[in-house]
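Beneath this line is the structure, given in structure tokens, with notes to follow.
Bear in mind these aren't lab numbers, they're just calculated from the coordinates by the rules spelled out. Fair warning: this is a prediction, and the values are worked out from it, not measured in the lab. Virtual Cβ from ideal backbone geometry, glycine too; neighbours counted across all protein chains shown.
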Amino acid sequence: MCNLYSMTSNPQAIKDVAKVLEDRTGNLQPLPEIYPNTMAPIVRNGTNGRELVMGRWGMPTPPGYLKGHKVDRGVTNIRNPTSTWWKRWEGVAHRCLVPLTAFSEPERLPDGKLQPVWFARSDGEQVAFFAGIWCRWTSVRKLADGETTDDLFGFLTTEANREVGAIYPKAMPVILTQPDELDIWMNAPVTEALCLQKPLSDAMLACVDSPQPLK
């Protein structure tokens with residue numbers, strides 16, 4: 001389950017690959033470690049075309065799982081987007097692309113501790129995108145902040161490919177690398193878009209020592 005990733009690419013590369021027409025992030029800085037419930041860039045469909053904005057990582061938690069909790073820290077990874085809870089956000093208005101340069105999965109060591117193992121594209125290209133969804137939601141994300149209204153996002157997961165499965169066999173994020181895949185996810189009917197919920201082909205990822213530096 002991916003709960004840590006990085007986005008250290010030049011922002012212009014994100015805008016070029018994802019065909020962004022409007023940048024609302026301001027001066028976007030490298031983000032070598034992005035954790036749940038923190039802010040990160042996403043590409044979504046806006047009034048004038050695709051826009052790059054900041055969102056908080058973690059979609060609303062289904063109410064049944066919040067009983068007894070004062071804070072909703074969000075759902076980062078979504079395996080079944082056609083379930084009753086997620087289905088409301090399956091249309092193109094709520095789809096997004098989440099840029100990344102590397103992501104990690106937890107490896108359990110012999111002493112029982114977990115350490116992150118980082119993966120990045122093996123083809124020399126730096127930027128890829130998680131297939132994500134987003135929504136605007138009012139909730140208590142941090143107790144100290146009280147109730148806030150945020151643009152939230154999460155991304156789809158699927159079966160692990162060979163490289164990820166060697167470390168974490170349960171799942172991996174849905175990663176898009178080709179321009180036609182980005183267009184399908186952002187524009188196509190839901191049945192066609194969800195055909196992208198599959199593992200990245202074997203050998204398209206490689207383990208790296210740490211998140212990639214800014215280029």
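Summary table below
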quantity: Relative exposure of Trp137, Trp57, judged by other C-beta atoms within 10 Å (fewest first); calculated: Trp137, Trp57
quantity: For region 1-69: span of alpha carbons on each principal axis (Å, largest first); calculated: 44, 30, 20
quantity: Spatial separation of Cα centroids for region 177-208 and region 93-138, in angstrom; calculated: 14 Å
quantity: Which listed pairs, of Lys70/Lys113; Lys87/Lys198; Lys170/Lys198, have C-alpha distances above 23 Å, in listed order; calculated: Lys70/Lys113
quantity: For region 1-87, size of Cβ-based charge dipole, Lys and Arg +1, Asp and Glu -1, in debye; calculated: 380 debye
quantity: Highest average packing first - 155-164, 178-187, Cβ atoms within 10 Å; calculated: 155-164, 178-187
quantity: Stokes-Einstein translational diffusion, region 108-215 - Kirkwood Rh over all Cα pairs, 0.890 mPa s, 25 °C, in µm²/s; calculated: 151 µm²/s
quantity: Inter-label distance for Glu33 and Thr148, nm, one decimal - labels placed 7 Å from Cα along Cα-to-Cβ; calculated: 2.0 nm
quantity: Cβ-based exposure ranking for Leu4, Leu28, in which fewest neighbours within 10 Å come first; calculated: Leu4, Leu28
quantity: Region 1-48: relative contact order as a whole-number percent, Cα under 8 Å and 6+ apart; calculated: 49 percent
quantity: Chain lengthening between Ser201 and Met54 when straightened (0.36 nm per residue, less Cα-Cα); calculated: 50.0 nm
quantity: Principal axis dimensions, region 23-162 - Cα atoms, whole angstrom, descending; calculated: 42, 39, 32
quantity: Neighbour-count order for Tyr35, Tyr168, fewest beta carbons within 10 angstrom listed first; calculated: Tyr35, Tyr168
quantity: Region 25-155: relative contact order in percent, alpha carbon pairs under 8 Å with at least 6 residues between; calculated: 26 percent
